[in-house]
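Participant: Before I ask anything, let me first share the structure, which is written out below as C-alpha coordinates.
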Amino acid sequence: MPTGVAVKATKSNKVDVLIIGAGPAGLMCAFALARAGVDSVRIVDQRPTKVAAGQADGIQPRTAEIFKSYGLSDRLLSEGTQLHVAAFYNPSKSGGIELTDRVPDVTATDSTNFPFEVTLHQGAIESIFIDNMRDMGVEVSRPVVPTSIEVDEALVEDDEAYPVRVVLEHTESEPEDEEHNEIVHAKYVLGADGAHSWVRKHMNISMQGEQTNYIWGVVDLVPETNLPDVRNKCAIHSNNGSCMIIPREGDKIRLYIQLDGKDVIDDGGRVDKSRAGPEMILNVARKTLHPFTIETPQSYDWWTIYIIGQRVAERYSVHDRVFIAGDACHTHSPKAGQGMNASMQDSYNLAWKLAHVLKGTGHRTLLQTYELERRKYAQDLINFDKKFAKLFSGKPHSELNSDGVSHAEFLQ
Ligand SMILES: Cc1cc2nc3c(=O)[nH]c(=O)nc-3n(C[C@H](O)[C@H](O)[C@H](O)COP(=O)(O)OP(=O)(O)OC[C@H]3O[C@@H](n4cnc5c(N)ncnc54)[C@H](O)[C@@H]3O)c2cc1C
(Lines give C-alpha, C1' and ligand atoms only; values in the text may rest on other atoms or scores of the structure.)
Protein backbone atom coordinates (compact mmCIF):
# COMPACT_ATOMS: atom_id res chain seq x y z
CA MET A 1 0.00 0.00 0.00
CA PRO A 2 1.40 3.47 -0.83
CA THR A 3 2.42 5.33 2.27
CA GLY A 4 1.38 8.82 3.29
CA VAL A 5 3.83 11.67 3.67
CA ALA A 6 4.35 13.90 6.66
CA VAL A 7 3.13 17.38 5.72
CA LYS A 8 2.51 20.57 7.61
CA ALA A 9 -1.28 20.73 7.49
CA THR A 10 -3.36 22.77 9.84
CA LYS A 11 -6.69 21.62 8.48
CA SER A 12 -7.88 18.07 9.10
CA ASN A 13 -11.37 16.94 8.11
CA LYS A 14 -13.49 13.83 8.17
CA VAL A 15 -15.79 13.10 5.22
CA ASP A 16 -17.93 10.14 4.26
CA VAL A 17 -16.91 10.31 0.59
CA LEU A 18 -14.02 12.19 -1.03
CA ILE A 19 -14.24 12.40 -4.83
CA ILE A 20 -11.08 13.26 -6.75
CA GLY A 21 -11.93 14.65 -10.21
CA ALA A 22 -14.95 16.75 -11.19
CA GLY A 23 -15.51 15.52 -14.74
CA PRO A 24 -18.76 13.75 -15.68
CA ALA A 25 -18.00 10.65 -13.53
CA GLY A 26 -17.06 12.58 -10.38
CA LEU A 27 -19.89 15.08 -10.67
CA MET A 28 -22.50 12.35 -11.21
CA CYS A 29 -21.26 10.65 -8.03
CA ALA A 30 -21.28 13.84 -5.94
CA PHE A 31 -24.73 14.81 -7.21
CA ALA A 32 -26.22 11.32 -6.74
CA LEU A 33 -24.84 11.01 -3.19
CA ALA A 34 -26.14 14.43 -2.19
CA ARG A 35 -29.52 13.62 -3.74
CA ALA A 36 -29.59 10.32 -1.79
CA GLY A 37 -29.17 12.29 1.44
CA VAL A 38 -25.44 11.73 2.07
CA ASP A 39 -24.46 15.15 3.39
CA SER A 40 -20.75 14.56 3.99
CA VAL A 41 -19.41 14.64 0.43
CA ARG A 42 -16.31 16.46 -0.80
CA ILE A 43 -15.30 16.84 -4.47
CA VAL A 44 -12.02 18.35 -5.68
CA ASP A 45 -10.47 19.03 -9.09
CA GLN A 46 -7.06 20.13 -10.31
CA ARG A 47 -8.49 22.53 -12.90
CA PRO A 48 -9.26 26.10 -11.84
CA THR A 49 -12.49 26.01 -13.93
CA LYS A 50 -14.71 23.41 -15.54
CA VAL A 51 -14.25 22.33 -19.21
CA ALA A 52 -15.08 25.31 -21.46
CA ALA A 53 -15.51 23.57 -24.85
CA GLY A 54 -15.01 20.29 -26.66
CA GLN A 55 -14.21 16.82 -25.23
CA ALA A 56 -17.17 14.43 -24.94
CA ASP A 57 -20.58 15.48 -26.19
CA GLY A 58 -22.96 12.51 -26.73
CA ILE A 59 -25.72 11.47 -24.31
CA GLN A 60 -27.28 8.08 -25.04
CA PRO A 61 -30.91 7.14 -24.22
CA ARG A 62 -30.07 5.24 -21.02
CA THR A 63 -28.09 8.20 -19.67
CA ALA A 64 -30.93 10.57 -20.57
CA GLU A 65 -33.20 8.27 -18.52
CA ILE A 66 -30.87 8.73 -15.52
CA PHE A 67 -31.06 12.51 -15.99
CA LYS A 68 -34.86 12.22 -16.09
CA SER A 69 -34.91 10.20 -12.87
CA TYR A 70 -33.19 13.17 -11.18
CA GLY A 71 -35.38 15.80 -12.85
CA LEU A 72 -32.42 17.02 -14.97
CA SER A 73 -33.60 15.96 -18.44
CA ASP A 74 -35.59 19.13 -19.24
CA ARG A 75 -32.41 21.23 -19.07
CA LEU A 76 -30.48 18.60 -21.06
CA LEU A 77 -33.10 18.65 -23.81
CA SER A 78 -33.46 22.42 -23.87
CA GLU A 79 -29.69 22.99 -24.23
CA GLY A 80 -28.75 19.98 -26.39
CA THR A 81 -29.44 18.84 -29.94
CA GLN A 82 -31.46 15.72 -30.66
CA LEU A 83 -30.14 13.20 -33.20
CA HIS A 84 -32.89 11.10 -34.75
CA VAL A 85 -31.37 10.02 -38.07
CA ALA A 86 -28.08 8.39 -39.02
CA ALA A 87 -27.01 8.81 -42.68
CA PHE A 88 -24.44 6.64 -44.43
CA TYR A 89 -22.25 7.77 -47.31
CA ASN A 90 -20.07 5.42 -49.36
CA PRO A 91 -17.86 5.64 -52.49
CA SER A 92 -19.74 6.53 -55.68
CA LYS A 93 -18.88 5.18 -59.14
CA SER A 94 -17.86 8.64 -60.31
CA GLY A 95 -15.29 9.01 -57.49
CA GLY A 96 -16.22 10.85 -54.31
CA ILE A 97 -19.11 9.76 -52.09
CA GLU A 98 -22.89 9.33 -52.32
CA LEU A 99 -25.76 8.72 -49.87
CA THR A 100 -26.36 4.98 -49.29
CA ASP A 101 -28.94 4.95 -46.49
CA ARG A 102 -30.75 6.87 -43.77
CA VAL A 103 -31.87 4.92 -40.69
CA PRO A 104 -33.17 5.78 -37.19
CA ASP A 105 -30.18 6.70 -35.01
CA VAL A 106 -31.56 4.65 -32.11
CA THR A 107 -33.09 1.30 -33.08
CA ALA A 108 -34.83 0.01 -29.92
CA THR A 109 -37.20 2.99 -29.97
CA ASP A 110 -40.00 1.29 -28.04
CA SER A 111 -37.86 0.50 -24.97
CA THR A 112 -36.92 4.06 -23.99
CA ASN A 113 -38.47 7.45 -23.26
CA PHE A 114 -35.66 8.97 -25.31
CA PRO A 115 -35.51 7.23 -28.73
CA PHE A 116 -32.66 9.51 -29.86
CA GLU A 117 -29.18 10.72 -28.84
CA VAL A 118 -28.62 14.16 -27.37
CA THR A 119 -25.43 16.12 -28.04
CA LEU A 120 -24.19 18.82 -25.72
CA HIS A 121 -20.57 19.69 -24.91
CA GLN A 122 -19.04 18.28 -21.74
CA GLY A 123 -18.77 21.65 -19.99
CA ALA A 124 -22.53 22.19 -20.33
CA ILE A 125 -23.21 18.70 -18.93
CA GLU A 126 -20.88 19.44 -16.03
CA SER A 127 -22.76 22.72 -15.39
CA ILE A 128 -26.07 20.84 -15.02
CA PHE A 129 -24.58 18.90 -12.10
CA ILE A 130 -22.65 21.82 -10.62
CA ASP A 131 -25.71 24.12 -10.56
CA ASN A 132 -27.99 21.46 -9.06
CA MET A 133 -25.40 20.33 -6.49
CA ARG A 134 -24.94 23.90 -5.30
CA ASP A 135 -28.61 23.90 -4.27
CA MET A 136 -27.79 20.91 -2.01
CA GLY A 137 -24.68 22.59 -0.52
CA VAL A 138 -22.00 20.70 -2.50
CA GLU A 139 -19.39 22.74 -4.41
CA VAL A 140 -16.24 21.66 -6.27
CA SER A 141 -13.00 22.74 -4.50
CA ARG A 142 -10.51 23.96 -7.13
CA PRO A 143 -7.65 23.88 -7.98
CA VAL A 144 -6.84 21.03 -5.61
CA VAL A 145 -4.74 17.89 -6.12
CA PRO A 146 -4.04 14.90 -3.90
CA THR A 147 -0.39 14.43 -2.95
CA SER A 148 -0.64 11.23 -0.92
CA ILE A 149 -3.14 8.50 -0.15
CA GLU A 150 -3.00 5.61 2.27
CA VAL A 151 -5.50 3.00 3.42
CA ASP A 152 -5.39 1.67 6.99
CA GLU A 153 -6.03 -2.02 6.28
CA ALA A 154 -6.81 -2.72 9.96
CA LEU A 155 -9.90 -0.50 9.73
CA VAL A 156 -11.40 -1.41 6.34
CA GLU A 157 -14.12 -3.70 7.76
CA ASP A 158 -15.20 -1.22 10.45
CA ASP A 159 -18.34 0.61 9.24
CA GLU A 160 -17.73 3.57 11.53
CA ALA A 161 -14.04 4.04 10.60
CA TYR A 162 -12.41 6.56 8.27
CA PRO A 163 -9.63 4.31 6.95
CA VAL A 164 -8.48 6.38 3.95
CA ARG A 165 -6.12 9.30 4.62
CA VAL A 166 -5.56 11.72 1.74
CA VAL A 167 -3.39 14.81 1.73
CA LEU A 168 -4.75 17.54 -0.53
CA GLU A 169 -2.80 20.50 -1.87
CA HIS A 170 -4.54 23.77 -2.74
CA THR A 171 -2.31 24.64 -5.67
CA GLU A 172 -3.15 28.34 -6.00
CA SER A 173 -2.14 29.11 -2.41
CA GLU A 174 1.48 29.64 -1.29
CA PRO A 175 3.26 26.69 0.41
CA GLU A 176 3.59 28.71 3.62
CA ASP A 177 -0.18 29.47 3.71
CA GLU A 178 -2.16 27.66 6.40
CA GLU A 179 -4.66 26.33 3.88
CA HIS A 180 -2.03 25.05 1.41
CA ASN A 181 -2.23 21.46 2.66
CA GLU A 182 -5.21 19.69 4.12
CA ILE A 183 -5.59 16.17 5.49
CA VAL A 184 -8.85 14.41 4.74
CA HIS A 185 -9.88 11.22 6.56
CA ALA A 186 -12.51 9.53 4.39
CA LYS A 187 -14.71 6.49 4.76
CA TYR A 188 -14.62 6.09 0.96
CA VAL A 189 -12.64 7.69 -1.87
CA LEU A 190 -13.57 7.75 -5.55
CA GLY A 191 -10.86 8.38 -8.15
CA ALA A 192 -12.75 9.93 -11.06
CA ASP A 193 -9.63 11.65 -12.28
CA GLY A 194 -9.59 10.67 -15.95
CA ALA A 195 -7.47 8.51 -18.21
CA HIS A 196 -4.16 9.39 -16.47
CA SER A 197 -5.68 8.76 -13.03
CA TRP A 198 -3.43 9.67 -10.09
CA VAL A 199 -5.58 7.53 -7.78
CA ARG A 200 -5.26 4.48 -10.04
CA LYS A 201 -1.49 4.81 -10.21
CA HIS A 202 -1.12 5.34 -6.45
CA MET A 203 -3.31 2.32 -5.73
CA ASN A 204 -1.08 0.25 -8.08
CA ILE A 205 -3.97 -0.69 -10.35
CA SER A 206 -2.74 -1.53 -13.85
CA MET A 207 -4.57 -1.08 -17.14
CA GLN A 208 -4.98 -4.12 -19.40
CA GLY A 209 -5.20 -3.80 -23.20
CA GLU A 210 -3.40 -2.09 -26.04
CA GLN A 211 -2.82 1.07 -27.91
CA THR A 212 -4.17 0.92 -31.49
CA ASN A 213 -2.83 2.40 -34.72
CA TYR A 214 -5.95 4.49 -35.28
CA ILE A 215 -5.35 8.22 -35.08
CA TRP A 216 -8.25 10.63 -35.19
CA GLY A 217 -8.61 14.36 -35.51
CA VAL A 218 -11.62 16.12 -33.99
CA VAL A 219 -12.81 19.62 -34.87
CA ASP A 220 -15.91 21.57 -33.70
CA LEU A 221 -17.12 24.32 -36.01
CA VAL A 222 -20.17 26.03 -37.54
CA PRO A 223 -20.07 24.64 -41.11
CA GLU A 224 -20.81 26.28 -44.44
CA THR A 225 -21.42 23.17 -46.58
CA ASN A 226 -23.58 21.65 -49.34
CA LEU A 227 -23.66 18.18 -47.71
CA PRO A 228 -27.42 17.56 -47.38
CA ASP A 229 -27.20 15.45 -44.20
CA VAL A 230 -25.10 17.87 -42.17
CA ARG A 231 -27.83 18.06 -39.46
CA ASN A 232 -27.97 14.24 -39.25
CA LYS A 233 -25.34 11.99 -37.74
CA CYS A 234 -23.23 10.85 -40.75
CA ALA A 235 -20.87 7.91 -41.12
CA ILE A 236 -18.81 8.53 -44.25
CA HIS A 237 -16.55 5.96 -45.91
CA SER A 238 -14.62 7.14 -48.95
CA ASN A 239 -11.63 5.85 -50.85
CA ASN A 240 -9.77 8.79 -49.30
CA GLY A 241 -10.54 7.95 -45.66
CA SER A 242 -13.37 7.92 -43.12
CA CYS A 243 -15.21 10.66 -41.30
CA MET A 244 -18.07 11.00 -38.83
CA ILE A 245 -20.25 14.09 -38.51
CA ILE A 246 -22.11 14.80 -35.27
CA PRO A 247 -24.60 17.71 -35.21
CA ARG A 248 -24.19 19.75 -32.05
CA GLU A 249 -25.96 22.42 -30.04
CA GLY A 250 -26.59 25.70 -31.86
CA ASP A 251 -25.44 25.43 -35.48
CA LYS A 252 -22.24 23.61 -34.59
CA ILE A 253 -21.09 20.22 -35.85
CA ARG A 254 -18.25 17.96 -34.79
CA LEU A 255 -16.09 16.21 -37.41
CA TYR A 256 -14.18 13.06 -36.45
CA ILE A 257 -11.57 12.38 -39.14
CA GLN A 258 -9.15 9.51 -39.51
CA LEU A 259 -5.57 10.81 -39.89
CA ASP A 260 -2.47 9.29 -41.41
CA GLY A 261 -0.08 8.35 -38.59
CA LYS A 262 3.04 9.46 -40.44
CA ASP A 263 1.81 13.07 -40.44
CA VAL A 264 1.31 13.38 -36.68
CA ILE A 265 3.39 10.72 -34.87
CA ASP A 266 6.82 11.72 -33.54
CA ASP A 267 9.94 9.53 -33.51
CA GLY A 268 8.96 8.14 -30.10
CA GLY A 269 5.60 6.91 -31.45
CA ARG A 270 3.57 9.60 -29.65
CA VAL A 271 0.92 11.87 -31.13
CA ASP A 272 2.52 15.29 -31.66
CA LYS A 273 -0.26 17.89 -31.52
CA SER A 274 2.05 20.60 -32.84
CA ARG A 275 2.09 18.82 -36.23
CA ALA A 276 -1.69 19.20 -36.61
CA GLY A 277 -4.27 21.94 -36.36
CA PRO A 278 -7.93 22.47 -37.20
CA GLU A 279 -7.07 23.63 -40.74
CA MET A 280 -5.03 20.48 -41.41
CA ILE A 281 -7.86 18.26 -40.04
CA LEU A 282 -10.45 20.08 -42.13
CA ASN A 283 -8.32 19.65 -45.26
CA VAL A 284 -8.27 15.86 -44.72
CA ALA A 285 -12.07 15.96 -44.22
CA ARG A 286 -12.49 17.83 -47.50
CA LYS A 287 -10.87 14.93 -49.42
CA THR A 288 -13.23 12.45 -47.71
CA LEU A 289 -16.33 14.60 -48.36
CA HIS A 290 -15.65 15.22 -52.09
CA PRO A 291 -17.73 16.12 -54.18
CA PHE A 292 -19.41 17.94 -51.27
CA THR A 293 -17.61 21.01 -50.00
CA ILE A 294 -17.07 22.68 -46.65
CA GLU A 295 -15.81 26.25 -46.31
CA THR A 296 -13.10 27.41 -43.92
CA PRO A 297 -14.94 28.92 -40.92
CA GLN A 298 -13.95 32.26 -39.39
CA SER A 299 -13.03 30.45 -36.18
CA TYR A 300 -12.97 26.96 -34.69
CA ASP A 301 -14.77 26.12 -31.45
CA TRP A 302 -12.34 23.35 -30.39
CA TRP A 303 -10.05 20.70 -31.89
CA THR A 304 -7.79 17.85 -30.84
CA ILE A 305 -6.00 14.76 -32.17
CA TYR A 306 -5.59 11.46 -30.36
CA ILE A 307 -4.57 7.84 -30.72
CA ILE A 308 -7.06 5.27 -29.51
CA GLY A 309 -6.17 3.09 -26.52
CA GLN A 310 -8.54 0.20 -25.72
CA ARG A 311 -7.87 -0.61 -22.08
CA VAL A 312 -9.67 -1.60 -18.90
CA ALA A 313 -8.38 -1.51 -15.31
CA GLU A 314 -7.51 -4.92 -13.77
CA ARG A 315 -9.69 -3.99 -10.75
CA TYR A 316 -12.01 -1.15 -9.81
CA SER A 317 -11.43 -0.97 -6.07
CA VAL A 318 -8.99 -1.49 -3.23
CA HIS A 319 -10.63 -3.09 -0.16
CA ASP A 320 -13.95 -1.59 -1.37
CA ARG A 321 -12.75 1.66 0.23
CA VAL A 322 -11.00 3.33 -2.72
CA PHE A 323 -12.80 3.06 -6.07
CA ILE A 324 -12.08 4.29 -9.57
CA ALA A 325 -14.69 5.23 -12.19
CA GLY A 326 -14.94 6.59 -15.73
CA ASP A 327 -11.89 7.11 -17.93
CA ALA A 328 -9.77 6.21 -14.88
CA CYS A 329 -10.78 2.59 -15.45
CA HIS A 330 -11.63 2.29 -19.16
CA THR A 331 -10.55 3.99 -22.38
CA HIS A 332 -11.78 3.34 -25.91
CA SER A 333 -12.60 5.31 -29.05
CA PRO A 334 -15.31 7.99 -28.83
CA LYS A 335 -17.06 6.90 -32.04
CA ALA A 336 -19.75 4.82 -30.39
CA GLY A 337 -20.41 7.92 -28.25
CA GLN A 338 -20.10 5.98 -24.98
CA GLY A 339 -17.13 7.49 -23.04
CA MET A 340 -18.98 10.06 -20.99
CA ASN A 341 -22.05 7.77 -20.74
CA ALA A 342 -20.16 4.75 -19.43
CA SER A 343 -18.32 7.06 -17.02
CA MET A 344 -21.46 8.60 -15.54
CA GLN A 345 -23.16 5.21 -15.39
CA ASP A 346 -20.19 3.82 -13.41
CA SER A 347 -20.57 6.40 -10.68
CA TYR A 348 -24.38 6.26 -10.79
CA ASN A 349 -24.03 2.52 -10.10
CA LEU A 350 -21.59 3.13 -7.24
CA ALA A 351 -23.36 6.11 -5.64
CA TRP A 352 -26.63 4.43 -4.68
CA LYS A 353 -24.71 1.51 -3.17
CA LEU A 354 -22.45 3.83 -1.16
CA ALA A 355 -25.52 5.75 0.03
CA HIS A 356 -27.16 2.55 1.35
CA VAL A 357 -23.99 1.38 3.08
CA LEU A 358 -23.39 4.80 4.66
CA LYS A 359 -26.98 5.02 5.90
CA GLY A 360 -26.83 1.46 7.28
CA THR A 361 -29.56 0.14 4.97
CA GLY A 362 -27.10 -1.95 2.93
CA HIS A 363 -24.25 -4.29 3.89
CA ARG A 364 -20.71 -3.42 2.77
CA THR A 365 -20.65 -6.54 0.54
CA LEU A 366 -23.07 -4.67 -1.75
CA LEU A 367 -20.07 -2.58 -2.84
CA GLN A 368 -18.44 -5.66 -4.41
CA THR A 369 -21.12 -5.64 -7.10
CA TYR A 370 -19.78 -2.33 -8.46
CA GLU A 371 -16.68 -3.91 -10.02
CA LEU A 372 -18.60 -7.07 -10.92
CA GLU A 373 -21.16 -5.13 -12.96
CA ARG A 374 -19.19 -2.19 -14.34
CA ARG A 375 -15.94 -3.96 -15.30
CA LYS A 376 -17.90 -6.47 -17.39
CA TYR A 377 -19.71 -3.55 -19.04
CA ALA A 378 -16.38 -1.89 -19.92
CA GLN A 379 -14.97 -5.14 -21.31
CA ASP A 380 -18.04 -5.62 -23.52
CA LEU A 381 -17.79 -2.01 -24.67
CA ILE A 382 -14.12 -2.41 -25.57
CA ASN A 383 -14.83 -5.63 -27.48
CA PHE A 384 -17.53 -3.77 -29.42
CA ASP A 385 -15.20 -0.80 -29.92
CA LYS A 386 -12.51 -3.07 -31.40
CA LYS A 387 -14.95 -4.32 -34.04
CA PHE A 388 -16.41 -0.87 -34.65
CA ALA A 389 -13.05 0.91 -34.93
CA LYS A 390 -11.83 -1.75 -37.38
CA LEU A 391 -14.94 -1.44 -39.53
CA PHE A 392 -14.82 2.34 -39.37
CA SER A 393 -11.14 2.56 -40.21
CA GLY A 394 -11.24 -0.21 -42.86
CA LYS A 395 -11.28 0.53 -46.60
CA PRO A 396 -14.82 0.58 -48.04
CA HIS A 397 -16.07 -2.20 -50.29
CA SER A 398 -15.89 -1.32 -54.00
CA GLU A 399 -15.43 -2.99 -57.40
CA LEU A 400 -11.66 -2.65 -56.96
CA ASN A 401 -11.68 -3.71 -53.29
CA SER A 402 -13.99 -6.70 -52.87
CA ASP A 403 -12.56 -7.45 -49.37
CA GLY A 404 -13.50 -4.00 -48.10
CA VAL A 405 -16.19 -3.17 -45.52
CA SER A 406 -19.68 -3.28 -47.08
CA HIS A 407 -22.47 -0.93 -46.02
CA ALA A 408 -24.58 -3.90 -44.85
CA GLU A 409 -21.73 -5.06 -42.60
CA PHE A 410 -21.25 -1.60 -41.14
CA LEU A 411 -24.98 -1.02 -40.60
CA GLN A 412 -25.32 -4.40 -38.86
C1 LIG B 1 -8.47 16.24 -24.40
C2 LIG B 1 -9.63 15.27 -24.40
C3 LIG B 1 -10.38 15.12 -25.54
C4 LIG B 1 -11.46 14.26 -25.56
N5 LIG B 1 -12.20 14.16 -26.70
C6 LIG B 1 -13.29 13.40 -26.72
C7 LIG B 1 -14.10 13.36 -27.85
O8 LIG B 1 -13.80 14.00 -28.85
N9 LIG B 1 -15.22 12.60 -27.80
C10 LIG B 1 -15.55 11.85 -26.69
O11 LIG B 1 -16.58 11.16 -26.67
N12 LIG B 1 -14.77 11.85 -25.62
C13 LIG B 1 -13.66 12.61 -25.60
N14 LIG B 1 -12.87 12.62 -24.51
C15 LIG B 1 -13.16 11.68 -23.44
C16 LIG B 1 -14.26 12.15 -22.55
O17 LIG B 1 -14.00 13.48 -22.19
C18 LIG B 1 -14.32 11.19 -21.37
O19 LIG B 1 -14.67 9.89 -21.81
C20 LIG B 1 -15.29 11.58 -20.31
O21 LIG B 1 -15.18 12.94 -20.01
C22 LIG B 1 -15.01 10.71 -19.08
O23 LIG B 1 -15.38 11.35 -17.90
P24 LIG B 1 -14.50 11.22 -16.58
O25 LIG B 1 -15.21 12.05 -15.60
O26 LIG B 1 -14.22 9.81 -16.30
O27 LIG B 1 -13.07 11.85 -16.95
P28 LIG B 1 -12.65 13.33 -17.34
O29 LIG B 1 -13.70 14.02 -18.12
O30 LIG B 1 -11.29 13.22 -17.93
O31 LIG B 1 -12.57 14.08 -15.94
C32 LIG B 1 -11.52 13.86 -15.03
C33 LIG B 1 -11.45 15.06 -14.11
O34 LIG B 1 -10.45 14.79 -13.14
C35 LIG B 1 -9.60 15.92 -13.00
N36 LIG B 1 -8.30 15.43 -12.55
C37 LIG B 1 -7.41 14.70 -13.24
N38 LIG B 1 -6.34 14.42 -12.48
C39 LIG B 1 -6.56 15.00 -11.28
C40 LIG B 1 -5.82 15.07 -10.08
N41 LIG B 1 -4.61 14.47 -9.95
N42 LIG B 1 -6.33 15.76 -9.05
C43 LIG B 1 -7.54 16.39 -9.14
N44 LIG B 1 -8.29 16.34 -10.26
C45 LIG B 1 -7.81 15.65 -11.31
C46 LIG B 1 -9.59 16.57 -14.37
O47 LIG B 1 -9.26 17.95 -14.28
C48 LIG B 1 -11.02 16.34 -14.82
O49 LIG B 1 -11.88 17.39 -14.46
C50 LIG B 1 -11.78 13.49 -24.44
C51 LIG B 1 -11.02 13.62 -23.28
C52 LIG B 1 -9.95 14.51 -23.24
C53 LIG B 1 -9.14 14.66 -21.98
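The values are calculated or read from the model by the stated rules, or taken from the named source; none is laboratory data. Please read these numbers as outputs of a predicted model, since none were measured by experiment. Using ideal geometry, Cβ is built from the backbone for each residue, glycine included, and neighbour counts are taken over all protein chains shown. Heavy atoms of the whole protein, side chains included, go into the accessibility calculation; ligands, DNA and RNA do not. Shrake-Rupley method; radii C 1.70, N 1.55, O 1.52, S 1.80 Å.
Participant: Within 10 Å of each candidate Cβ there may be at most 11 other Cβ atoms; applying that plus a DSSP loop requirement, which trypsin sites (Lys or Arg not before Pro) in the stretch 16-97 survive?
Facilitator: Listed in order of number, the matching sites are Lys93.
Participant: Here's something else I'd like to know. If you place +1 on the Cβ of every Lys and Arg and -1 on the Cβ of every Asp and Glu, how big does the dipole about the Cα centre of the stretch 17-95 come out, in debye to the nearest 20?
Facilitator: 140 debye
Participant: So how far apart, in nm, are the two label points at Thr365 and Thr107 if each is 7 Å from Cα heading toward Cβ?
Facilitator: In this crude label model, Thr365 to Thr107 measures out at 3.9 nm.
Participant: Hey, what angle do you get for helix 339-359 against the long axis of the chain, alpha-carbon based, 0 to 90 degrees rounded to 10?
Facilitator: In the chain, helix 339-359 runs at an angle near 20 degrees to the longest axis.
Participant: Dividing the alpha-carbon radius of gyration of the chain by 2.2 N^0.38 Å (N being the number of residues), what value is obtained? The partial results should precede the final answer.
Facilitator: Values: Rg = 22.7 Å, N = 412, 2.2 N^0.38 = 21.7 Å.
Rg over 2.2 N^0.38 Å, computed on Cα atoms: 1.05.
Participant: Based on alpha-carbon positions alone, could you give the equivalent ellipsoid semi-axes of the stretch 82-143 from the gyration tensor, as √(5λ), descending, whole Å? Provide the component values of the computation, followed by the final result.
Facilitator: Details: eigenvalues 320, 63, 7 Å².
Working through the eigenvalues yields semi-axes of 40, 18, 6 Å.
Participant: Given a Förster distance of 25 Å, report the FRET efficiency between Ser40 and Asp74 from their Cβ-Cβ distance, rounded to the nearest 0.05.
Facilitator: Once the sixth-power term is evaluated, E becomes 0.30.
Participant: Straight-line reach from Lys233: which lysines fall under 28 Å, measuring Cα to Cα and dropping same-chain residues less than 8 apart?
Facilitator: Excluding near neighbours in sequence, the set is Lys50, Lys68, Lys93, Lys252, Lys273, Lys287, Lys335, Lys386, Lys387, Lys390, Lys395.
Participant: Relative to the longest principal axis of the C-alpha atoms of the chain, give the angle of the C-alpha long axis of helix 24-35, reported between 0 and 90° and rounded to the nearest 10°.
Facilitator: 50 degrees
Participant: In what sequence, largest accessible area first, do Leu155, Leu381 appear using a 1.4 Å probe?
Facilitator: From most accessible down to least: Leu155, Leu381.
Participant: Mind putting a number on the dipole of the chain about its Cα centre? Charges go on the C-beta only, +1 for Lys and Arg and -1 for Asp and Glu, and I need it in Debye to the nearest 20.
Facilitator: 820 debye
Participant: Could you tell me what percent of the accessible area of the chain is made up of carbon and sulfur, with a 1.4 Å probe and every protein chain present? Please list the in-between numbers first.
Facilitator: On the way: 8630 of 18240 Å².
Roughly 47 percent of what the probe reaches on the chain is carbon or sulfur.
Participant: For Thr171 and Glu314, compute 0.36 nm times the residue count separating them, minus their Cα-Cα distance, and round to one decimal in nm.
Facilitator: 48.4 nm is the gain from fully extending Thr171 to Glu314.
Participant: So what are the ³J(HN,Hα) numbers for the stretch 111-119, from phi and the Karplus equation (6.51, -1.76, 1.60; θ = phi - 60°), rounded to whole Hz, Gly and Pro as x?
Facilitator: 9, 8, 6, 10, x, 6, 8, 10, 10
Participant: Please give me the summed charge of the neighbours of Lys262: other residues whose Cβ is under 15 Å from its Cβ, Lys and Arg +1, Asp and Glu -1.
Facilitator: With Lys, Arg at +1 and Asp, Glu at -1, the net is -3.
Participant: Give me the angle, in degrees from 0 to 90, between the Cα long axis of helix 122-134 and the longest principal axis of the Cα atoms of the chain, rounded to the nearest 10.
Facilitator: 30 degrees
Participant: Let me ask another. With the dipole of the chain worked out from charges on the C-beta (+1 for Lys and Arg, -1 for Asp and Glu) around the Cα centre, which of Val106, Thr361, Val41 lies farthest toward the positive end?
Facilitator: The one lying farthest along the dipole's positive direction is Val106.
Participant: Of Leu282, Gly268, Cys243, which is farthest on the positive side of the dipole of the stretch 230-283, counting Cα position, with +1 on Lys and Arg Cβ, -1 on Asp and Glu Cβ, and the Cα centre as origin?
Facilitator: About the Cα centre, the residue reaching furthest to the positive side is Cys243.
Participant: Assign unit charges at the C-beta atoms only (+1 for Lys and Arg, -1 for Asp and Glu), then state the dipole size of the stretch 1-155 relative to its Cα centre in Debye, rounded to the nearest 20.
Facilitator: 440 debye
Participant: How much accessible area per residue does the chain have, in Å², with a 1.4 Å probe?
Facilitator: Each residue of the chain exposes 44 Å² on average to a 1.4 Å probe.
Participant: Take the Cα atoms of the stretch 301-412, find their three principal axes, and give me the spread along each one in whole Å, biggest first.
Facilitator: 66, 32, 22 Å, listed from the longest principal axis down.
Participant: Let me ask another. Could you sort Val85, Val15 by accessible area so the largest value comes first, with the probe set to 1.4 Å?
Facilitator: Details: Val85 45, Val15 15 Å².
Accessible-area ranking of Val85, Val15, largest first: Val85, Val15.
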